[in-house]
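The values are calculated or read from the model by the stated rules, or taken from the named source; none is laboratory data. These numbers were taken from a predicted model, which means no experiment stands behind them. Here the Cβ positions follow ideal geometry from the backbone for every residue, glycine too, while neighbour counts run over all protein chains shown. Accessible surface is based on the protein model in full, side chains and every heavy atom, while ligands, DNA and RNA are left aside. Shrake-Rupley method; radii C 1.70, N 1.55, O 1.52, S 1.80 Å.
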Amino acid sequence: MFPHKENILLIKVEKFTDRIIKLAAYLKSKHVDGYIINQVSRAGTSIGANINEGVYAQSRADFVSKYKIALKEANETSFWLRKLHTGNFLNQKEFESINNDCNEIIYILIAIVKKMQENGI
């Protein structure tokens, strides 16, 4: 099902990306402003795109760069999820579910980037 079965982060990001795509469709059905849908969709799907680019990075520095970008996008996604929650477009249960997944990805990315930087990257 997933191309990188051995990599937990890639599996989590694949599932999260699927959730973001479904969230965008759900928000569209609720007539949420298209700008907000595009923002959360763009940031949320960019996480996986950058992590997957990092898999075939040209160097360790390129790898870290891709993961830092993914971390920034994950943080932005969490911002938009909070705004959707405070705007009452996501109820508490919906928000906690998807935002917890986002935060888990953030924590993993922080750990990876920190470890790489400790190793001189």
query: Where residues in region 93-116 are under 18 Å from ILE69 (Cα atoms) and without any contact (Cβ under 8 Å) to a residue 24 or more places away in the chain, which of them is most open to solvent (accessible area, probe 1.4 Å)?
result: TYR107
- prompt: Restricting region 91-121 to residues that are part of a helix (DSSP H, G or I) and of a type in the set (S, T, N, Q), which is farthest from PHE16 (Cα to Cα)?
  reply: GLN117
